[in-house]
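Asker: Before I ask anything, here is the structure I am working with.
The values are calculated or read from the model by the stated rules, or taken from the named source; none is laboratory data. Quick caveat: nothing in here was measured; it's all calculated off a predicted structure. Cβ atoms come from the backbone with ideal geometry, glycine included; neighbour counts cover every protein chain shown. Calculation scope for accessible area: heavy atoms of the full protein, side chains included, ligands and nucleic acids excluded. Shrake-Rupley method; radii C 1.70, N 1.55, O 1.52, S 1.80 Å.
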Amino acid sequence: MFNMVVFGPPGCGKGTQSKKIVEDFGFLHMSSGDLIRKEIRKNTAMGQFLEKFISRGLLVPDSIILKEIFRYWLQHLNAKGMVFDGFPRNLYQAQMMDKVFNKRKLGIELVISIEAPEDELIRRVIERGKDSGRTDDNAEVMHNRLLIYQSQTRPVIDYYKKNKRLFTVDGQNPIKEVYAEIKSLISEKHH
Ligand code: AP5
Ligand code: MG
């Protein structure tokens, strides 16, 4: 099973690129944000609890997200591969992921970090907010999302750099070009 992470700030293109990867390589897509939004749409007590975090641009508690992610992963160990989009989002999540995967003699083989300048990220998210229905797609919440990314999520890059699993792509390029670069990185690692 080929496990990989698509990493980067809000609006960098994680979801867009992950969809292309799963189509091409037959992997499964695990988006932690989509998982949370699905629960919110069900309007459960848990959904209402999670909405308080997401609508402010804050990370939801680790225990909740870890439980759901690992449950899904353990149910799909026979998949060709899995693309993690938006997870891990802090150092603790990254460490727990390695711990759980290593127990099964598996690991994260590739981490792709998509980079783009903040003004471009803000422009994209505000544009998408016109019809996404996402309560966090507006200038105010995006400001918080970027602060959280810088303080809690970005440090995960150094964690992955240490064991040479990290590759960076320029997310300012057109979607197709970004994908071409990602595709060749996966092809090098996945046979
Ligand atoms: P999440 O759903 O993960 O959102 P995000 O990281 O803020 O990022 P987005 O989904 O907004 O952007 P993206 O990088 O996927 O870009 P996209 O492809 O859509 O998380 C939301 C919230 O959930 C978090 O704030 C937190 O509250 C919670 N959460 C999630 N995971 C968690 C975790 N692990 N732990 C705790 N809490 C968690 O593209 C954006 C736009 O740009 C689109 O319109 C797209 O068409 C366009 N675009 C994409 N690429 C390009 C390009 N190359 N050129 C031009 N336009 C482009
Ligand atoms: Mg996304």
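Asker: With point charges of +1 on the Cβ of Lys and Arg and -1 on the Cβ of Asp and Glu, referenced to the Cα centre of the chain, which listed residue (Gly57, Ala79, Asn90) lies farthest in the positive direction of the dipole?
Answerer: Farthest along the dipole direction, towards plus: Ala79.
Asker: Here's something else I'd like to know. Given 0.36 nm per residue, what is the gain on full extension from Lys67 to Phe25 after removing their alpha carbon distance, in nm?
Answerer: Details: separation 42, 0.36 × 42 = 15.12 nm, distance 2.62 nm.
Result: 12.5 nm gained on full extension.
Asker: Tell me the net charge near Arg41. Cut-off is 13 Å between Cβ atoms, Arg41 excluded, with +1 for each Lys or Arg and -1 for each Asp or Glu.
Answerer: Numbers: positive: Arg37, Lys38, Lys42, Arg134; negative: Asp34, Glu39, Glu51.
Charge balance near Arg41 sits at +1.
Asker: Rank-order 59-67, 7-15, 100-108 by packing density, defined as the average count of other C-beta atoms within 10 Å over each peptide's residues, highest first.
Answerer: 7-15, 59-67, 100-108
Asker: Note down the nm distance, to one decimal, between modelled labels 7 Å out along Cα→Cβ at Arg104 and at Arg154.
Answerer: So the label points at Arg104 and Arg154 sit 3.2 nm apart.
Asker: Taking every pair of alpha-carbon atoms in the stretch 1-133, what share in percent sits in each 10 Å bin, from 0 to the bin with the longest distance?
Answerer: 11, 41, 37, 11, 0
Asker: Taking 7 Å along the Cα-to-C-beta vector as the label spot, tell me the Leu91-Lys52 distance in nanometres, rounded to one decimal.
Answerer: Between Leu91 and Lys52, the label points sit 2.7 nm apart.
Asker: Placing +1 on the Cβ of each Lys and Arg and -1 on the Cβ of each Asp and Glu in the chain, which of Leu66, Pro174, Phe7 has its Cα farthest towards the positive end of the resulting dipole?
Answerer: Checked the options; the winner is Leu66.
Asker: Suppose R0 equals 25 Å; then what is the FRET efficiency for Glu115 and Glu188 from their Cβ-Cβ distance, rounded to the nearest 0.05?
Answerer: Values: r = 20 Å, r/R0 = 0.79.
Efficiency computed from Cβ-Cβ geometry: 0.80.
Asker: A further question follows. Could you tell me what percent of the accessible area of the stretch 2-189 is made up of carbon and sulfur, with a 1.4 Å probe and every protein chain present? Intermediate results must be reported in sequence, preceding the final value.
Answerer: On the way: 5120 of 9850 Å².
The C+S portion of the solvent-accessible surface of the stretch 2-189 is 52 percent.
Asker: Follow-up. About its Cα centre, how strong a charge dipole does the stretch 2-189 have in debye, to the nearest 20, once Lys and Arg get +1 and Asp and Glu get -1 at the Cβ? Please report the intermediate quantities before stating the final value.
Answerer: Values: 31 positive and 24 negative charges, 151 e Å.
Taking the Cα centre of the stretch 2-189 as origin, the dipole is about 720 debye.
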